[in-house]
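Working notes, beginning with the structure itself.
The values are calculated or read from the model by the stated rules, or taken from the named source; none is laboratory data. Keep in mind that what you see is a predicted model, and the values were worked out from it rather than measured. Using ideal geometry, Cβ is built from the backbone for each residue, glycine included, and neighbour counts are taken over all protein chains shown.
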Number of protein chains: 4
Amino acid sequence: MTESENPTTSPDQCHSTHQAHGYITAKDDYLKRLRRIEGQSRGLQRMVEEEKYCIDILTQVSAMTKALQAVAMGLLEDHISHCVVDAAVAGGPEAEAKIKEATDAIARLVRS
Amino acid sequence: MTESENPTTSPDQCHSTHQAHGYITAKDDYLKRLRRIEGQSRGLQRMVEEEKYCIDILTQVSAMTKALQAVAMGLLEDHISHCVVDAAVAGGPEAEAKIKEATDAIARLVRS
Amino acid sequence: MTESENPTTSPDQCHSTHQAHGYITAKDDYLKRLRRIEGQSRGLQRMVEEEKYCIDILTQVSAMTKALQAVAMGLLEDHISHCVVDAAVAGGPEAEAKIKEATDAIARLVRS
Amino acid sequence: MTESENPTTSPDQCHSTHQAHGYITAKDDYLKRLRRIEGQSRGLQRMVEEEKYCIDILTQVSAMTKALQAVAMGLLEDHISHCVVDAAVAGGPEAEAKIKEATDAIARLVRS
């Protein structure tokens with residue numbers, strides 16, 4: 001395993017041994033949801049362009065934020081199931097680092 | 001302009017008397033920020049497409065959520081400065097309704 | 001009106017002219033809710049003391065956070081109804097400062 | 001200890017084999033932080049009792065929410081390090097269930 005090569009900014013080795021589950025198979029689903037989010041961001045531009053009522057724009061912002069957070073939760077579950085668990089099974093300091101990295105990402109999501 | 005298409009219930013007149021401040025003058029700024037957010041949503045699609053590292057994708061989701069919330073805060077400040085304050089100065093049940101509507105929108109933002 | 005005396009850290013003049021509504025009359029309700037939140041914080045201590053299951057503790061933390069945010073939303077609505085609206089009716093730079101102060105507080109709540 | 005009273009469904013054995021790390025050793029630290037949070041909730045009651053300025057109360061609510069979320073993040077990291085990782089090492093459907101349970105708890109935190 002080459003996990004040790006890339007602690008953070010790295011591409012995807014961590015997924016590459018798991019072609020069968022999660023992230024990879026759900027890729028189309030994630031892309032579909034993200035395209036819908038892109039559509040929401042264009043809808044917001046249109047609403048501002050046409051000077052729609054502020055509260056309606058804010059309602060759309062809330063809906064878009066919720067959709068984004070749902071994508072994040074899915075990715076997080078995949079990440080824990082694959083990368084974190086793999087690192088945990090392998091053991092050692094890498095395991096602890098992966099868990100710390102994941103909880104830091106969660107803390108950023110909670111605060112954002 | 002086709003404000004009358006307005007999807008939900010709210011009147012738009014609340015902006016129309018304030019061509020000079022806030023929302024209207026900041027429109028280009030909001031549009032620029034929303035286009036950047038649209039770009040972020042496309043960046044996320046690319047990251048998922050190329051199976052980038054989950055944590056890096058989550059970091060981008062956090063950044064995008066923060067950018068969205070900042071737009072919401074700006075719109076909210078404009079809304080309170082114009083619609084809520086105008087309704088308050090006019091007084092009556094409309095004033096109370098506007099304040100309730102604004103705090104409901106805030107509650108949705110806090111929870112999203 | 002003595003609104004101009006106390007822009008930020010100040011006590012309560014802003015409420016004192018409104019004995020009849022909002023904050024003052026709801027005081028007992030706020031105190032009851034805050035006492036319940038205090039009880040939740042003691043419940044959390046007991047759960048940690050007895051080493052209860054982590055997920056159950058986290059569920060309690062979420063419930064307590066929601067209760068706190070609900071108190072904040074109530075206070076915010078009262079604040080906008082009284083202080084912000086009063087300042088708006090009085091007009092001038094004080095009005096703008098009150099609105100900015102309120103939206104800054106909202107931004108802190110959204111991020112916390 | 002009367003762990004069997006455990007209010008919801010979850011087993012506590014997941015902590016009991018880990019007397020040496022995380023949750024157990026950090027217990028005093030968690031209790032200290034939760035006592036400080038309890039103090040904050042009493043401080044809030046005092047502020048409402050004395051009708052302090054709303055914005056100052058809201059600032060305190062934000063600080064208390066942040067403190068609570070920090071406790072939650074610590075507990076979550078402990079939980080993933082112990083229960084989730086143990087279940088993952090053991091494998092089987094229990095592993096998947098633990099990960100789902102943890103991400104559901106995270107989603108509640110993100111939304112609260």
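Residue by residue, here is whether (1) over 12 Å from the mean Cα position of the chain (by Cα); (2) surrounded by fewer than 23 Cβ atoms within 10 Å (Cβ to Cβ); (3) under 24 Å from residue D:108 (Cβ atoms); (4) at pLDDT 90 or above holds:
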{"position": "C:46", "(1), (2), (3), (4)": "yes, yes, yes, yes"}
{"position": "C:50", "(1), (2), (3), (4)": "yes, yes, yes, yes"}
{"position": "C:64", "(1), (2), (3), (4)": "yes, no, yes, yes"}
{"position": "C:74", "(1), (2), (3), (4)": "no, yes, yes, yes"}
{"position": "C:88", "(1), (2), (3), (4)": "yes, no, no, no"}
{"position": "C:91", "(1), (2), (3), (4)": "yes, yes, no, no"}
{"position": "C:98", "(1), (2), (3), (4)": "yes, no, no, yes"}
{"position": "C:106", "(1), (2), (3), (4)": "no, no, yes, yes"}
Exercise for review: Specify the residue that is nearest to residue A:91 (Cα to Cα); the eligible residues are those in region D:34-87 that are outside any helix (DSSP H, G or I) and in contact with a His (Cβ under 9 Å, 6 or more places away or on another chain).
Suggested key: D:53
Exercise for review: Restricting attention to region C:63-79, report how many residues are more than 9 Å from chain D (Cβ to nearest Cβ) and of a type in the set (A, V, I, L, M).
Suggested key: 3
Check your understanding: Quick one: residue D:42 ticks every box in (1) buried (at least 19 other Cβ atoms within 10 Å of the Cβ); (2) at the interface with chain C (Cβ under 9 Å from one of its Cβ atoms); (3) free of Cβ contacts under 8 Å to residues at least 12 places away in the same chain bar one, so which box is it?
Key -> (1)
**Study point:** Matching residues in region C:59-112 - criterion: being under 23 Å from residue B:112 (Cβ atoms) and hydroxyl-bearing (Ser, Thr, Tyr)
**Key:** C:59, C:62, C:65, C:103, C:112
Check your understanding: In region A:19-44, which residue that is among the hydrophobic types (A, V, I, L, M, F, W, C), touching a helix residue (DSSP H, G or I) at 6+ places or on another chain (Cβ under 8 Å) and modelled with pLDDT under 95 is farthest from residue A:74 (Cα to Cα)?
Key -> A:24
